[in-house]
1. Among the candidates A:30, A:37, which residue alone is over 28 Å from the mean Cα position of the chain (by Cα) and either part of a helix (DSSP H, G or I) or of a type in the set (A, V, I, L, M, F, W, C) (or both)?
2. Residue under question is residue B:262, and the condition is that it be in contact (Cβ under 8 Å) with a residue 12 or more places away in the chain, among the hydroxyl-bearing types (Ser, Thr, Tyr) and part of a loop (DSSP other than H, G, I, E, B); does it hold?
3. Tally the residues that are surrounded by 12 or more Cβ atoms within 10 Å (Cβ to Cβ) and either modelled with pLDDT of 80 or more or among the small types (Gly, Ala, Ser) (or both), restricting the search to the stretch A:114-132.
4. Count, please, the residues in the stretch A:480-518 that happen to be away from chain B (no Cβ under 14 Å), closer than 29 Å to residue A:175 by Cα and modelled with pLDDT of 85 or more.
5. Which of the residues spanning the stretch A:349-376 are without any contact (Cβ under 8 Å) to a residue 40 or more places away in the chain and in a helix (DSSP H, G or I)?
6. When the residues of the stretch A:208-235 are narrowed to those that are crowded, with 18+ Cβ neighbours inside 10 Å and among the small types (Gly, Ala, Ser), which ends up farthest from the other protein chains (Cβ to nearest Cβ)?
7. Of all residues in the stretch B:152-182, count the ones that are farther than 18 Å from residue A:509 by Cα and either among the aliphatic types (A, V, I, L, M) or modelled with pLDDT of 70 or more (or both).
8. If a residue has to be buried (at least 18 other Cβ atoms within 10 Å of the Cβ) and of a type outside the set (Gly, Ala, Ser) to count, how many in the stretch B:265-285 make the cut?
Amino acid sequence: MLFNSIEFAFFLPIVFLIYWAIGYAHINGNTKLRLQNAFVLIASYVFYGWWDWRFLLLIAFTSFCSWGSGLLIGKSVSSVQSVDGHKKAKFWMIANIVLNLGILFTFKYYNFFIEEFCQLFPSLEGRSGGVISLILPVGISFYTFQALSYSIDVYRQKIEPTKDIIAFFAFIAFFPQLVAGPIERATNLLPQFLQNRKFSYDQATDGMRQILWGLFKKIVVADNCATYVDQVWATYDTQTGSTLLLAAILFTFQIYGDFSGYSDIAIGTAKLFGIKLMRNFNNPYFSRDIAEFWRRWHISLTTWFRDYVYIPLGGSRPEIPANIQNPDRYKKLIIIRNTFVIFLLSGFWHGANWTFIAWGAYHALLFLPLILLGKNRKYTNQVGSYLDASGSERLRLLPTWRESLQILCTFLLVVFGWIIFRAPHMPTLFHYLEGMCDASIFTIPWLMNKGFYLPLFSAILIMLSIEWLSRNNEHALQNIECHKILNNTFVRVVLYALSLFLILAFRGGTVEFIYFQF
Amino acid sequence: MKKFITNSLLCFCIFMCIWCVAEYAKEKIYLPNAYSYKYKHVKGNSSIKTLLIGHSHFENSINPYLMGDSIYDFAISGRRWIYWDVKLAEQLLPTMPNLKYVLFPLGYAMPYESPHFQPLTDVIEENIYQYGKNMHVMYDRFPENYWYKSSLVRNDMKIHFWREKNQDKLGYYKLEGQSEECATDQNVDSNIYEGEVAQLCLNEYKEYFIQLAKICNENNIRFIAVTCPCADSYIQNTRPQGIKNLYDLVDSVRTYYPIEYYNYLDDPEFRADSLYYNCSHLNSIGADKFAIRLKNDLGL
């Protein structure tokens, strides 16, 4: 079921009403909580099974194994305060990681490796067992990582293992974020399933506003961009350089509108159920350098890799063995290795394709100079901000010239990265780049027609302007009631209805969320 | 919770009101487009002597300004079914006292399309809507639900409020340069005429084609069918049987009514790719060249 489908428009209010009907029922608090969690689980499985009910078996299996391993890890860690206990805990944690990654590998990467292997050794073709016909379960990378974070956090004793199987299953399958994140940590989401939730008007209205903004980004910006981008990519060999460049820029907005739109809808929907999910995007296209971009783009995945891969590998402050003669050089090599590892893994996480790996490597190359020079945390303040006399942060209406230039440069670097990401294969990528770096880049690009490009460019401008003005907020429409004109509830309600109508009237063709394939 | 549900319901009601007003406005406000403009121009027009009808092959691929006086290009891009031509001819030809020639595009792929035997596509839905609203040709296959089917649901609301306002005075829609999707998505399926459904479509096409000839004959109008030139990438996919079907169609009409037929599909004069917008449509250069050629061949 897609968030932007008619089915979801019926599904959500029904689930919402039943969920809170249970919440307001005159029953014992614990029973109420269990019933609510059970209902969330059923609703989530209906939502997920809408694609293909067979996927449910897989997610149930993953959930059960992770839940069981959590209990075993917890038992080993707490019952025997000895080396043996830790060894056992480590064993169960590794077993769960191997199992989950094994499933992920089989569904997502097996065919890729077989094909690459056969290409490397053509004589083996036909004898290798060959590729297998498997459908990639929607959102497998997301819920697998969520399940992994649980067992690792239990092992690290950051969270107590839960015995409540229903709550755990609901945590893994919670429908707003099941198929495309944010990849939640057990430390944040699981405790919310273990305590009673109360309806909050402010939280729910904020959630609705976030859903509205997410819908705008997805179905107006991203889907309309997709119309252009898909046509250009389908016929890239006949396009002018300027058209290819415009398609690359529009894909940059498409992927942002698509994925951050999804995240907004997911976070907003969760708020309707009294659950707070982590933020996944923080205006990444206003970043002043690549390091800042990565702190603002797909935050849940970036921090996942940081916490579970990068830091365990030593991060940017690796331990230096005593026998090392040149510690500085050693440290740099470890930093380079670690940076490449997380970026390549991040690229590979997106799919079994060399283009994703190349995309990861490209970003690693952009990131390395910053981390080696110790400038990767240079921009941690809000863009376009200054400190007033009292020392508190204030926002400027516009960025400074220097910031504008930095934002533009970072944006163009990111655009280039998205070309690599969007290319279906490496040869196509090279042809696309060849076509783009042509004298025809100085011609006027193909724009379809006025009825297409005027609304699209206006929508992109509206998105950027509103996000710029509300860059200090969690989402673009947060706290809009603070504005003078909008502090009347009726005015706001009319505005929401009108916005919803305009969003639907100017929507593009129905396109699946890009990140569903990951 | 009560406040939240009340406000949500209020928002929903206001949304429904806006939706209804927009749908009503879309029906009631006159927004000129190619359909309405062409229909109004042609109806009862006594100055037109030559009328080009049909689909994009004529709307885009012939420059009427180079075909002599008193010509009008009544063809509409996106017209996917001969039914509309027949019904419009029935309605309009008797109102045009000085009409001498009707030119009809007999495309290679067109005889194999019919909503009677194939699923209703978006283009056909748009045809049903536009021909119904702006040209007063109703199609009653879905009388119970079609006209109430919302523009918002069909995702064409923005199209209705965003029309090109300037219409060419001879109905010509020029295609400049080469299409970005040239030689790919406009290509014809080589085996388009095969199968039971294709045969049903072809038979239906034949019936309508005969009706069109009959209407012209009854109104003393010379009926001329023309197959427009296509690019090499298109011709590569055509098959002798498909071409033969075109001639058979013309022959089947000839047993009842007079008809002239000119086939330029692979004419040597139109082989250069520079003449094409995409593989089945001439661009403005090609349209100029084709108009002059057609004028000479037909003796207009």
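1. Values: A:37 fails: over 28 Å from the mean Cα position of the chain (by Cα).
Only one candidate passes the filter, namely A:30.
2. Values: in contact (Cβ under 8 Å) with a residue 12 or more places away in the chain: yes; among the hydroxyl-bearing types (Ser, Thr, Tyr): yes; part of a loop (DSSP other than H, G, I, E, B): no.
In short, no.
3. 2
4. Of the residues in that region, 1 qualify.
5. Once the filter is applied, which keeps residues that are without any contact (Cβ under 8 Å) to a residue 40 or more places away in the chain and in a helix (DSSP H, G or I), the stretch A:349-376 yields A:357, A:360, A:361, A:364, A:365, A:368, A:369.
6. A:214
7. Initially, the stretch B:152-182 is screened for residues farther than 18 Å from residue A:509 by Cα, giving B:163-182.
Keeping just the survivors that are either among the aliphatic types (A, V, I, L, M) or modelled with pLDDT of 70 or more (or both) gives B:167-178.
Residues meeting the conditions: 12.
8. Within the stretch B:265-285, residues that are buried (at least 18 other Cβ atoms within 10 Å of the Cβ) and of a type outside the set (Gly, Ala, Ser) number 10.
The values are calculated or read from the model by the stated rules, or taken from the named source; none is laboratory data. These numbers come from a predicted model, not from an experiment. Counting neighbours? That spans all protein chains shown, and the Cβs are built from the backbone with ideal geometry, glycine included.
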